[in-house]
Amino acid sequence: MSDLSKKRVITAALCGSWPTKEMNPAVPYSPEEIAQQAYECWQAGAAIVHVHVRNADGSPSTDFNLYKETVERIRAHKDCDVCINITSSGSVDFSDEERIYPLQQLLPELASYDAGTLNWQNRTVFMNPPSFLEKLGHALQESNIKPEIEIFDAGMIYNTIYYMKKGVLKAPCHYQIVLGCAGGMANTVENLVFLKNLLPEGSTWAACGISAGHLPIMSATIALGGHLRVGLEDNLYMAHGVLAKSNAQLVERAVQMLKLNNLEPATPDEARQIYGLTRKVF
């Protein structure tokens with residue numbers, strides 16, 4: 001096994017549910033656009049791509065056929081061994097079954113697990129009640145999919161500790177700290193350190209800051225030994241007033257920041273070792 005101490009996993013969050021082409025024309029909507037940007041991100045140094053799907057008008061979707069086409073297009077690049085992480089959220093209006101079914105059918109290596117309910121962007125409620133979290137946790141275990149546990153505030157970490165005790169989640173867990181969403185904890189280094197120190201021993205973790213907090217949280221994450229998430233889901237800009245040209249451009253900057261710190265981006269296979277993933281062969 002190779003020395004992984006100098007390797008950091010980069011996840012590219014490609015489009016999410018809320019950014020639009022009106023905000024940045026580079027935001028991908030169609031399966032073809034999403035898959036092409038996933039491939040470009042892998043070429044740039046991302047080990048994982050985090051996948052949402054959109055309807056033709058850009059609205060969020062859980063349409064299984066859109067997920068299927070997107071994943072098949074990514075996997076059609078036979079030289080590309082990127083790890084696929086499919087969201088279990090999609091939008092605030094979808095049923096439990098709509099959120100879980102694509103995961104069970106497409107068998108990504110990871111799937112998001114938002115560890116609690118959140119007042120989302122001061123507009124609505126992002127519902128993740130206990131009944132759904134238990135159902136999702138068991139479904140992921142049955143399908144051998146690693147939960148990517150998304151954390152927006154401290155209480156969500158304590159939720160996961162409870163679910164580990166109940167057997168809904170299986171240690172060691174992987175956490176994705178997300179700072180700067182309205183309704184969650186703010187983009188500060190103090191909050192990042194606080195949350196990182198609450199994580200159960202043996203966990204792996206990554207972090208991202210939304211919008212203006214993107215670079216400060218990335219820098220702090222590197223200093224604290226964490227892994228990175230970048231992409232147009234979280235941040236539409238390269239600099240103040242300068243739109244990012246693509247997801248790959250954001251990955252390239254993350255690679256540069258790692259190299260400035262004498263670190264290297266992990267390959268997909270190295271990410272599988274670090275996060276404890278089961279490679280899916282199709």
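The values are calculated or read from the model by the stated rules, or taken from the named source; none is laboratory data. Computed from a predicted model, the values in this text were never measured in an experiment. Note that each Cβ is placed from the backbone with ideal geometry, even for glycine, and that neighbours are counted across all protein chains shown.
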Step by step: first the residues of segment 200-214, then only those that are at pLDDT 95 or above and surrounded by fewer than 18 Cβ atoms within 10 Å (Cβ to Cβ), then the one that is nearest to His50 (Cα to Cα). Which residue is that? Ser203
Reported set for segment 60-106 where residues are free of Cβ contacts under 8 Å to residues at least 12 places away in the same chain and hydroxyl-bearing (Ser, Thr, Tyr) is Ser95
Taking segment 257-268 and the residues there that are over 17 Å from the mean Cα position of the chain (by Cα) and under 12 Å from Arg8 (Cα atoms), the one that is surrounded by the most Cβ atoms within 10 Å (Cβ to Cβ) would be Leu258
Consider segment 114-155. How many of its residues are touching a strand residue (DSSP E or B) at 6+ places or on another chain (Cβ under 7 Å), touching a residue at least 40 places away in the same chain (Cβ under 8 Å) and assigned to a helix (DSSP H, G or I)? 1
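Looking at segment 95-108, which of its residues are hydroxyl-bearing (Ser, Thr, Tyr) and assigned to a loop (DSSP other than H, G, I, E, B)?
First pass over segment 95-108, keeping only residues hydroxyl-bearing (Ser, Thr, Tyr): 95, 101.
Listed by number, the list holds a single entry, Ser95.
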Here are Lys259, Lys170, Lys196: which of them is in a loop (DSSP other than H, G, I, E, B) and touching a strand residue (DSSP E or B) at 6+ places or on another chain (Cβ under 9 Å)? Lys170
Restricting segment 69-104 to residues that are more than 18 Å from the chain's Cα centre (by Cα) and of a type in the set (Ser, Thr, Tyr), the residue that is nearest to Asn119 (Cα to Cα): Ser95
Of the candidates Ala254, Ala206, Ala271, the one satisfying the condition of being in contact with a strand residue (DSSP E or B) (Cβ under 8 Å, 6 or more places away or on another chain), under 18 Å from Tyr113 (Cβ atoms) and assigned to a helix (DSSP H, G or I) is Ala271
Selection over segment 17-36 where residues are of a type in the set (Gly, Ala, Ser) and at pLDDT below 95 yields a count of 1
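Check whether at least one residue in segment 83-97 is within 21 Å of Leu232 (Cβ to Cβ), among the charged types (D, E, K, R) and modelled with pLDDT under 95, and report yes or no. Talk me through it step by step, then tell me what you get.
As a first pass, look at segment 83-97 and keep what is within 21 Å of Leu232 (Cβ to Cβ): 83-92.
Imposing the further condition that a residue be among the charged types (D, E, K, R) reduces the set to none.
No, because not a single residue in segment 83-97 is within 21 Å of Leu232 (Cβ to Cβ), among the charged types (D, E, K, R) and modelled with pLDDT under 95.
Any idea which of Asn197, Asn187 is surrounded by fewer than 20 Cβ atoms within 10 Å (Cβ to Cβ) and polar (S, T, N, Q)? Before you say what the answer is, go through the steps one by one.
On the way: Asn187 fails: surrounded by fewer than 20 Cβ atoms within 10 Å (Cβ to Cβ).
Only one candidate passes the filter, namely Asn197.
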When only residues in segment 221-241 that are in a loop (DSSP other than H, G, I, E, B) and charged (D, E, K, R) count, which is farthest from Pro25 (Cα to Cα)? Asp234
Take the residues in segment 98-137 that are among the β-branched types (Val, Ile, Thr) and in contact with a Ser or Thr (Cβ under 7 Å, 6 or more places away or on another chain), then tell me which one is modelled with the lowest pLDDT. Val125
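Within segment 50-81, restricting attention to residues that are β-branched (Val, Ile, Thr) and part of a helix (DSSP H, G or I), which residue is surrounded by the fewest Cβ atoms within 10 Å (Cβ to Cβ)?
First, the residues of segment 50-81 that are β-branched (Val, Ile, Thr): 51, 53, 62, 70-71, 74.
Narrowing the set further to residues that are part of a helix (DSSP H, G or I) leaves 70-71, 74.
Values: Thr70: 28, Val71: 24, Ile74: 22.
The selected residue is Ile74.
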Hits in segment 227-253 - residues which are within 29 Å of Asp3 (Cβ to Cβ), out of contact with any helix residue (DSSP H, G or I) (no Cβ under 7 Å at 6 or more places or on another chain) and crowded, with 19+ Cβ neighbours inside 10 Å: His227, Arg229, Leu250
Let me confirm something: among Ala111, Ala46, which residue is under 18 Å from the mean Cα position of the chain (by Cα), assigned to a strand (DSSP E or B) and within 20 Å of Asp269 (Cα to Cα)? Ala111
Subset of segment 101-143 that is hydroxyl-bearing (Ser, Thr, Tyr) and surrounded by 14 or more Cβ atoms within 10 Å (Cβ to Cβ) - its residue that is nearest to Glu72 (Cα to Cα): Tyr101
Could you go through segment 19-31 and let me know if any residue there is buried (at least 20 other Cβ atoms within 10 Å of the Cβ) and not in a loop (DSSP other than H, G, I, E, B). yes
